[in-house]
């Protein structure tokens, strides 16, 4: 199972290196990683997606707390969250396929950010599932390049679990 960890750290040089080293020593792969300033000055939030069972993630969390500069670690996998990711996607586009690609990109609320005779570059923001879906749809045109940020996530204070709501919609 993939776990999403939200880690608050002091914003100092070498913190990310120590965390990555811990993961490497334990044999964990970080599938997604995003780092940025948090709401408090001098503090950064690291959001990472890590595969593992509950027991191994619990052990990893204990090891993270032993590192200096780590302030708080939360496994937010099962909590109601708002999740977003950003992707830039360069796709082959000829004069005959350009309008179809633009039409498809509008379905995903993607923005065209660059255009040339041979390609279109799109900006897509949304949940990670949306990223997979647009890549699948545009694959038939030929994907030239993809650049993705890591997933960022904050827990929902409202407590509304949108994943639960989506599952109800698919059953109806």
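Taken together, the values in this text are just the output of simple stated rules run on the coordinates, not laboratory data. What you see is a predicted model; the values in this text were computed from it and never measured. Neighbour counts run over all protein chains shown; Cβ positions are idealised from the backbone, glycine included.
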* **Isotropic mean projected area of the C-alpha convex hull, segment 82-153 (nm²)** => 4.3
* **Net lengthening on full extension, residue 133/residue 29 (0.36 nm per residue, minus Cα-Cα)** => 35.1 nm
* Net lengthening on full extension, residue 55/residue 10 (0.36 nm per residue, minus Cα-Cα) -> 13.6 nm
* Expressed as an acute angle from 0 to 90° and rounded to the nearest 10, what is the orientation of the C-alpha long axis of helix 15-25 relative to the principal long axis of the chain? -> 90
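Restricting the count to DSSP beta bridges whose residues both fall in the chain, what percent are antiparallel, rounded to a multiple of 5?
On the way: 41 of 41 bridges.
That works out to approximately 100 percent antiparallel.
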* Asked: Helix 128-138 versus the longest principal axis of the chain: what angle, 0 to 90°, nearest 10, using Cα atoms?
  -> 20
* Do you know the relative contact order of segment 1-118, to the nearest whole percent, from alpha carbon pairs under 8 angstrom that are 6+ apart? -> 31
* **Of every Cα-Cα pair in segment 37-87, the percent that sits beyond 12 Å** => 73
* To do: Using only alpha carbon positions, build the gyration tensor of segment 1-68, then give the equivalent ellipsoid semi-axes as the square roots of 5 times its eigenvalues, largest first, whole angstrom.
  => 20, 13, 11
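In deg cm²/dmol, rounded to 500, what helix-only [θ] at 222 nm does the chain give when every DSSP H run of at least 4 residues adds -39500 (n - 2.57) and the total is split over its residues? It would help to have the intermediate numbers written out before the result.
Values: 5 runs with 55 residues, N = 172.
Calculated from helices alone, the mean residue ellipticity at 222 nm is -9500 deg cm²/dmol.
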* Structure fact -> Note: residue 156 to residue 22 extended length (0.36 nm per residue) minus current alpha-carbon separation gives 45.3 nm
* Under a point spin-label approximation (7 Å from Cα along Cα-to-Cβ), what is the residue 82-residue 143 distance to one decimal in nm? -> 2.7
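State the Kirkwood hydrodynamic radius of the chain in Å, one decimal place, computed from all pairs of distinct Cα atoms. Write out the running numbers ahead of the final one.
Details: mean 1/r = 0.0551 Å⁻¹.
It is 18.1 Å.
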* Could you state the angle between the C-alpha long axis of helix 162-171 and the longest principal axis of the C-alpha atoms of the chain, as a value from 0 to 90 degrees rounded to the nearest 10? => 50
